[in-house]
1. Residue by residue, what Karplus-based ³J(HN,Hα) values in Hz, rounded to whole numbers, does the stretch 144-149 have, using 6.51, -1.76 and 1.60 with θ = phi - 60° and x for Gly and Pro?
2. Assign unit charges at the C-beta atoms only (+1 for Lys and Arg, -1 for Asp and Glu), then state the dipole size of the stretch 100-216 relative to its Cα centre in Debye, rounded to the nearest 20.
3. What are the extents of the Cα atoms of the stretch 120-206 along their three principal axes, in Å, largest first?
4. Need the list of lysines near Lys69 for cross-linking: C-alpha distance under 17 angstrom, and skip anything on the same chain fewer than eight residues off.
5. With a 10 Å radius around each residue's Cβ, average the other Cβ atoms per peptide and rank 70-77, 120-127, 107-114, highest first.
6. Under the rule of at least 5 residues apart or a separate chain, name every residue whose amide H is placed under 5 Å from the amide H of Ile125.
7. With a 1.4 Å probe and all protein chains left in place, how much of the accessible area of the stretch 94-182 comes from carbon and sulfur atoms, in whole percent?
8. What residues qualify as long-range amide H neighbours of Val44, i.e. H under 5 Å apart, gap of 5 or more or another chain, H built at 1.01 Å from N?
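The values are calculated or read from the model by the stated rules, or taken from the named source; none is laboratory data. The shown structure was predicted, so the numbers you read here are calculated from the model rather than taken from an experiment. Cβ sites come from the backbone with ideal geometry, for glycine too, and all protein chains shown count toward neighbours. Heads up: the accessible areas ignore ligands, DNA and RNA and are worked out on the full protein's heavy atoms, side chains in. Shrake-Rupley method; radii C 1.70, N 1.55, O 1.52, S 1.80 Å.
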Amino acid sequence: SSQAHAWQLNAELSSKSFKWQYRKLLRQYSHKVKEELGPSFPSVTVENKVDFNLPPLNFTFVRDRFAGKGVHISDDSLIGCICSGEVGVRDCCLSPDVECCPHLGGAASPYNNKGRLVLKPGLPIYECNARCSCGPDCGNRIVQRGSQVKTAIYKTADKGWGLKTLQDIPKGTFVVEYVGEVITFDEAEKRGMEYDAQGLTYLFDLDYQSNDDAVFTI
């Protein structure tokens, strides 16, 4: 009947209006994320093809680590190079003939001339820092320049919200740095039990230079 057809038409219009409003909310959330992360995440978007739930609105995005209770983070670097740039501004610190930060730390150069990681898994990465004479275009400052990969915060079918890339990534390309609140191991044990109960455990032990239990956790 004409009445039933009109009802169906109104329902379709209402559905389209709802979807339009939802997409608008996702764009607003994406704008909020970009403001909080700044230039370190220049291409992040928000996507949900599963349902009409919004990402957690009380989630705070951070660009750098920060100290929790009982934790002190020093900004002083232990080593610094005096590379002159004679080999080339970008590649001077990657030259095997230059005693740069990786060599001063007893390690090999972590990146090739395309900025891709060439070290084996488990080996330390020593990047140039504030003590060094090289500039921001140095080829040994990859992590410091932030992510250059297009990413999306997206809703999964059964694992909540996650992060994925929107492009193919060549092997060794820097994607993102794992940062957050640095807490003590004891605090991590306490929070771990709480997070496990919610199925939201994302704790990372800082135990590279320790043969015992980690002292700190992110």
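1. Result, ordered by residue: 5, 7, x, 6, 10, 9 Hz.
2. Details: 13 positive and 15 negative charges, 190 e Å.
About 920 debye.
3. Over the stretch 120-206, Cα extents along the principal axes are 48, 35, 23 Å.
4. Straight-line reach from Lys69, under 17 Å: Lys190.
5. Values: 70-77: 9.5, 120-127: 12.2, 107-114: 15.9.
Put in order of decreasing packing, that is 107-114, 120-127, 70-77.
6. none
7. Details: 2680 of 5190 Å².
Exposed carbon and sulfur together represent 52 percent of the surface.
8. Residues meeting the criterion, in which the H sits 1.01 Å from N, are Thr151.
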